[in-house]
1. Return only the number of the condition from (1) farther than 16 Å from residue B:364 by Cα; (2) out of contact with any helix residue (DSSP H, G or I) (no Cβ under 7 Å at 6 or more places or on another chain) that residue B:234 does not satisfy.
2. Give the residues of region A:109-121 that are within 8 Å of chain B (Cβ to nearest Cβ) and over 17 Å from residue B:144 (Cα atoms), sorted by residue number.
3. Looking at the structure I just gave you, is residue B:168 in a loop (DSSP other than H, G, I, E, B), away from every other protein chain (no Cβ under 14 Å) and on the phi < 0 side of the Ramachandran plot?
4. Kindly provide the set of residues from region B:300-323 that are over 18 Å from residue B:404 (Cα atoms), in contact with a strand residue (DSSP E or B) (Cβ under 8 Å, 6 or more places away or on another chain) and assigned to a helix (DSSP H, G or I), ordered by number.
5. Here is a list of conditions, (1) within 14 Å of chain A (Cβ to nearest Cβ); (2) touching a strand residue (DSSP E or B) at 6+ places or on another chain (Cβ under 8 Å); (3) part of a helix (DSSP H, G or I); (4) crowded, with 20+ Cβ neighbours inside 10 Å, and residue B:63 meets all of them except one; can you say which number that is?
6. Taking region A:94-108, which residues are part of a loop (DSSP other than H, G, I, E, B), under 15 Å from residue A:37 (Cβ atoms) and more than 8 Å from chain B (Cβ to nearest Cβ)?
7. Could you list, in sequence order, all residues of region B:78-121 that are without any contact (Cβ under 8 Å) to a residue 40 or more places away in the chain, in a loop (DSSP other than H, G, I, E, B), more than 8 Å from chain A (Cβ to nearest Cβ) and surrounded by 19 or more Cβ atoms within 10 Å (Cβ to Cβ)?
8. Applying the selection to region B:122-138, what residues are in a helix (DSSP H, G or I), within 13 Å of chain A (Cβ to nearest Cβ) and either in contact with a strand residue (DSSP E or B) (Cβ under 7 Å, 6 or more places away or on another chain) or surrounded by fewer than 18 Cβ atoms within 10 Å (Cβ to Cβ) (or both)?
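The values are calculated or read from the model by the stated rules, or taken from the named source; none is laboratory data. Being a predicted model, the structure only gives us computed values, none of them experimental. Cβ: placed from backbone, ideal geometry, glycine included. Neighbour counts: every protein chain shown.
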């Protein structure tokens with residue numbers, strides 16, 4: 001899982017991930033939450049999603065998270081391998097169980113519910 | 001006719017019958033919707049479209065499954081003879097299983113289905129696919145929230161598929177009152193096929209209907225179809241009509257004397273023959289004769305048996321001296337034995353259609369038609385038989401149906417439903433006279449030929465059906481021992497007559513001899529008399545001459561007048 005994630009994160013980095021993301025990833029600890037955001041090119045929606053994600057993470061998971069952004073346009077095979085249909089999709093790789101949430105992450109409450117950071121109603 | 005006009009380019013499905021109904025296949029480069037209830041064969045139809053495309057038309061395909069895992073799918077269709085593993089290995093096909101999380105995913109804002117697009121695009125590009133199947137894309141609605149977005153995205157997907165020029169099949173589960181649960185038919189408007197699986201009287205039948213086909217003519221009926229070990233076959237019933245060319249060639253019935261009853265030459269080729277009769281009147285035997293004769297000529301025969309197993313038929317026919325085994329072994333005779341209750345009427349029809357298409361027989365026997373159509377209402381039966389007869393005629397098969405009539409009823413009445421469809425109708429009946437049951441046969445009708453009007457008795461001997469000579473007694477045709485008695489009587493009478501004739505001949509001869517003898521005798525007598533008369537005449541003439549001479553001599557001596565008479569008078 002881990003090797004895969006590092007591999008897959010690489011091609012995405014130059015375009016979709018600004019330097020801050022890399023810094024954040026470095027800060028992550030071993031018990032951290034690993035999040036992967038799947039996008040398809042630099043669309044306004046994916047930019048918005050990433051911005052939303054960072055904001056939420058800084059507010060609720062400061063120092064405990066790691067974000068990888070994967071651009072499916074650059075590695076289309078991953079759409080099949082990781083079973084991605086909707087864009088943007090946020091996958092919580094760790095801790096298990098894997099959680100998937102879709103959308104541009106503008107609804108913070110739902111994002112938190114989806115990441116098990118808030119109890120479900 | 002459809003081909004003559006410029007029509008939509010079509011992607012042939014390769015599925016038996018479906019191409020005929022759709023006029024060549026599904027619209028090329030456009031999406032087609034296949035909908036129907038669960039278990040009606042949507043996935044299979046879509047899969048066969050891909051497999052045929054990949055193997056027969058050189059069009060690789062992508063199968064995107066939203067419901068079944070790729071492995072299950074491979075196993076499921078392997079039973080139909082499709083080797084998906086091999087196709088995938090040869091890069092003719094991509095199987096992609098889209099795993100959907102159980103339950104709805106948390107939606108946190110706007111999204112689109114670019115992931116699916118990219119994934120599909122990748123699959124299409126990897127093998128240069130021309131055909132795509134999205135098997136029940138509607139399941140997306142159960143796991144992705146916000147159906148507004150989904151609808152818009154699906155619309156975009158179908159447009160995208162069109163732009164890419166792939167021929168796509170989208171399957172959809174039938175909803176209540178709509179063709180699909182999510183109303184996909186609104187988006188996929190080029191071609192919609194509806195599949196149906198119905199159960200009537202515990203017999204299932206599958207049907208297919210082309211609901212719409214934009215820009216193309218198509219059959220509009222419900223067509224029965226069949227799923228068996230060779231995949232799907234659809235029975236294209238509307239292509240049938242009264243367009244058959246009637247052959248004037250004749251083929252023997254296998255019973256020489258029956259041929260002579262039918263104007264001396266047997267049935268017309270391509271005609272339909274009904275042999276009806278009560279139980280045990282020899283219907284199957286007559287059918288077997290016909291089959292045997294056809295095989296003997298080197299023709300192919302398909303024998304649809306609905307009551308007996310092939311081996312039973314062959315055993316029974318051996319007892320009347322017909323060896324059908326040899327023809328089966330030579331591949332000229334094919335048995336198709338099915339219980340009538342094994343499927344609905346249309347399924348049987350489809351099976352018959354398939355068997356005829358693959359075996360291409362010249363002669364078809366359906367034994368018995370009555371049990372084949374048992375269970376249906378009269379209208380149903382009639383429709384089916386019309387289709388069956390048309391189907392056989394279209395394929396230029398000479399067909400012989402046997403039909404069981406219940407004893408007691410009117411022989412002609414029971415088959416009223418099918419009588420008008422039949423060209424030659426031979427009625428077999430029992431004739432019960434003098435404490436015996438004997439078999440009689442007559443030709444009720446035979447279109448287009450002068451046929452015998454006699455009721456003929458026939459026997460089932462160890463060398464087959466044998467028609468006997470006709471003996472008509474005071475109370476009709478004589479059969480069985482009555483016929484034998486009559487035969488003996490006639491023989492005795494004939495002997496007496498022969499003697500009489502002989503006797504008269506002899507007498508005549510005798511008379512002639514006598515008469516001739518008399519004539520000879522008379523002639524001889526006459527000859528004798530003639531000679532005698534001539535002698536007398538000669539003598540008398542000589543005497544006369546002498547008398548005259550004497551008189552002259554005397555006158556000379558008396559120096560009398562030269563005229564004796566004057567001299568005589570003078571002297572007086």
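1. Result: residue B:234 passes all but (2).
2. Residues satisfying the conditions do not exist here.
3. no
4. If the condition is that a residue be over 18 Å from residue B:404 (Cα atoms), in contact with a strand residue (DSSP E or B) (Cβ under 8 Å, 6 or more places away or on another chain) and assigned to a helix (DSSP H, G or I), then B:310 is the only one that fits.
5. Result: residue B:63 fails condition (3) only.
6. A:98
7. If the condition is that a residue be without any contact (Cβ under 8 Å) to a residue 40 or more places away in the chain, in a loop (DSSP other than H, G, I, E, B), more than 8 Å from chain A (Cβ to nearest Cβ) and surrounded by 19 or more Cβ atoms within 10 Å (Cβ to Cβ), then B:92 is the only one that fits.
8. Result: B:123, B:124, B:125, B:126, B:137.
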